[in-house]
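Below is one structure, written out as structure tokens; the observations come after it.
The values are calculated or read from the model by the stated rules, or taken from the named source; none is laboratory data. Please read these numbers as outputs of a predicted model, since none were measured by experiment. Here the Cβ is made from the backbone with ideal geometry for all residues, glycine too, and neighbour counts use every protein chain on show. Remember, those area values only see protein heavy atoms, side chains included, never the ligands or the DNA or RNA. Shrake-Rupley method; radii C 1.70, N 1.55, O 1.52, S 1.80 Å.
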Amino acid sequence: QLAKCGACGPGYATPLDAMKGKYCPREEIVYLPCIYRNTGIEKPDYLATVDVNPKSPHYCQVIHRLPMPNLKDELHHSGWNACSSCFGDATKKRNRLILPSLISSRIYVVDVGTDLRAPRIHKVVEPVELFWKGNVANPHTSHCLGSGDILISCLGDPSGNGKGGFILLDGETFEVKGNWENGEKVPPLGYDFWYQPRHNVLMSTEWGAPKVLADGFNPADVARGHYGRRINVWDWSTHTYIQAVDLGQGSIPLEIRFLHNPDAAEGFVGCALSGAVHRFYKTEKGDWAAEKVIEVPSKKVQGWVLPDMPGLITDILISLDDRFLYFSNWLHGDIRQYDISNTRQPKLVGQVFLGGSITKGGPVTVVEDKELQCQPEPFVIKGKRVPGGPQMIQLSLDGKRLYVTSSLYSGWDKQFYPDLVKEGSVMLQIDVDTERGGLKVNKNFLVDFGKEPDGPVLAHEIRYPGGDCTSDIWM
């Protein structure tokens, strides 16, 4: 199909083309933001290019580093200037990576088109542009739109209060155009989002107020209402906030993923604190609702900050064929794979422990566990005992390789996993059984960000140059 399409834009015509097409090569390099904020090392964050081609002499090595021109940005998630939402537009190229900074509120536009393996800075959007033109700050998720613009969700206002607003960037000039949202009503908190034009909807989630979460997590702030509990529903064509789906006090819904099939009016959201995955769906009335379909029970523990330890579901993704759902429990230390052929009854088919807070021989004793018979062994690979727990995940287009990094956000890493900040994070790779389900760590794959030239660093979200299942949206 792509061969016939002599004048196609970036990405793939459909999710299944991306997954199965012969034009879909195996990933050879990945990009990851690397963070020095909160590590005690006074160096700027940078974008790392890592070689993940097993045939390459540089396999599992950082082959390029692009330092930012400022200190303490807290690079976090990234997005594209153009993706499969622009597939029909031959004038568009996926050649700029959009890198919002969670704390400084800067947005870096990185040129990956000139040299895929050695990105360079194309433009810097200064925080004052977001403050003045949109009264928003703390940009988080960036998605390209079919219109050619770039939409970025924000966590707050310029004073550090929570505010679930959005900013639009021009896809050619990268000028800030202003807010995306219309009308007076804006959710009290923001975080991630996904849109689905065929159902005229955009869904956004809520983390917390930036000034509250900036330096660490205080459980008392949950009861004070400073952390999120809603999926916020927006009318896609009018850009107005139309509905809140309440998932309960203290749930903290983070990553939200529609099924990839653009006709599907359903998806999943992972709730960090409640340890639940909710399926959200369009009702017969035409509004939206949610039901809890997975629950990770908290563990009763001693030797930790609280007597109950949640799994802390931090990242979640869906394979391109909408068959499997994956998520990470950053505190418990496991990654799970669910068969979602029946979206209302996900079946656990794969699980692997990669560190976490409950490993044997550590400071935490588990006194009651509804799932495990005994505490998992510490995770060791290539002779290295891995600090922290699995956090950001990215799946190969064919669904067979799951990449994992271990840093959540420097302010929380420092609090929950001090060793992670001292030793740096890692990137690992898990082999996936896509027939029956099942996860197995690739023992030959380790990228140790503790060995970086300027000292240990915290590597976060993983992106492939050609797009992936958390950045591409099909129209």
In segment 367-397, how many residues are open to solvent by 30 Å² or more (accessible area, probe 1.4 Å) and of a type outside the set (Lys, Arg)? 12
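Working carefully through the options Asp413, Asp472, find the one that is crowded, with 20+ Cβ neighbours inside 10 Å and modelled with pLDDT under 95.
Details: Asp413 fails: modelled with pLDDT under 95.
Sole residue among the options that is crowded, with 20+ Cβ neighbours inside 10 Å and modelled with pLDDT under 95: Asp472.
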Just one of the numbered conditions (1) under 30 Å from Arg198 (Cα atoms); (2) under 17 Å from the mean Cα position of the chain (by Cα) is not true of Asp398; which one? (2)
Can you tell me which of (1) closer than 30 Å to Asp263 by Cβ; (2) in contact (Cβ under 8 Å) with a residue 60 or more places away in the chain is the one Leu331 doesn't meet? (1)
For the condition in contact with a helix residue (DSSP H, G or I) (Cβ under 7 Å, 6 or more places away or on another chain) and over 30 Å from Trp474 (Cα atoms), what is the one hit in Pro363, Pro387? Pro387
All conditions in (1) farther than 14 Å from Pro346 by Cβ; (2) in contact with a strand residue (DSSP E or B) (Cβ under 7 Å, 6 or more places away or on another chain) are true of Asp263 except (2)
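Has segment 178-197 got any residue that is over 22 Å from the mean Cα position of the chain (by Cα), closer than 30 Å to Gly11 by Cβ, at pLDDT 95 or above and buried (at least 23 other Cβ atoms within 10 Å of the Cβ)? Quick ask: steps written out before the conclusion?
So in segment 178-197, the residues over 22 Å from the mean Cα position of the chain (by Cα) come out as 178-179, 181-186.
This time we only want the ones that are closer than 30 Å to Gly11 by Cβ, so: 178-179, 181-182.
Narrowing the set further to residues that are at pLDDT 95 or above leaves 178-179, 181-182.
From what is left, the residues that are buried (at least 23 other Cβ atoms within 10 Å of the Cβ) are 181.
Taking every residue of segment 178-197 in turn, at least one turns out to be over 22 Å from the mean Cα position of the chain (by Cα), closer than 30 Å to Gly11 by Cβ, at pLDDT 95 or above and buried (at least 23 other Cβ atoms within 10 Å of the Cβ).
Residues Leu446, Leu458: which one is over 19 Å from the mean Cα position of the chain (by Cα), at pLDDT 95 or above and crowded, with 17+ Cβ neighbours inside 10 Å? Don't jump to the end; show me each part of the working.
Working: Leu458 fails: over 19 Å from the mean Cα position of the chain (by Cα).
Going through Leu446, Leu458 in turn, just one is over 19 Å from the mean Cα position of the chain (by Cα), at pLDDT 95 or above and crowded, with 17+ Cβ neighbours inside 10 Å: Leu446.
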Tally up the residues in segment 333-358 that are more than 21 Å from the chain's Cα centre (by Cα) and within 20 Å of Leu446 (Cα to Cα), please. 0
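Taking only segment 416-438 into account, find how many residues are out of contact with any helix residue (DSSP H, G or I) (no Cβ under 8 Å at 6 or more places or on another chain), under 19 Å from Gln351 (Cα atoms) and crowded, with 19+ Cβ neighbours inside 10 Å.
4
Quick one: would you say Glu291 is modelled with pLDDT of 95 or more, under 16 Å from Arg344 (Cβ atoms), open to solvent by 30 Å² or more (accessible area, probe 1.4 Å) and outside any strand (DSSP E or B)? Reasoning before the result, please.
Working: modelled with pLDDT of 95 or more: yes; under 16 Å from Arg344 (Cβ atoms): yes; open to solvent by 30 Å² or more (accessible area, probe 1.4 Å): yes; outside any strand (DSSP E or B): no.
No: the conditions fail for Glu291.
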Return yes when Lys300 is open to solvent by 40 Å² or more (accessible area, probe 1.4 Å), within 27 Å of Pro418 (Cα to Cα) and touching a residue at least 24 places away in the same chain (Cβ under 8 Å) and no when it is not. yes
Taking the conditions exactly as written (at pLDDT 95 or above, on the phi > 0 side of the Ramachandran plot and surrounded by 17 or more Cβ atoms within 10 Å (Cβ to Cβ)), does Phe174 satisfy them or not? yes
Only residues that are open to solvent by less than 20 Å² (accessible area, probe 1.4 Å) and aliphatic (A, V, I, L, M): list them for segment 112-138, please. Val112, Val125, Leu130, Val136, Ala137
Single residue of segment 245-283 satisfying the filter (touching a Lys or Arg at 6+ places or on another chain (Cβ under 8 Å) and more than 30 Å from His332 (Cα to Cα)) that is most open to solvent (accessible area, probe 1.4 Å): Asp263
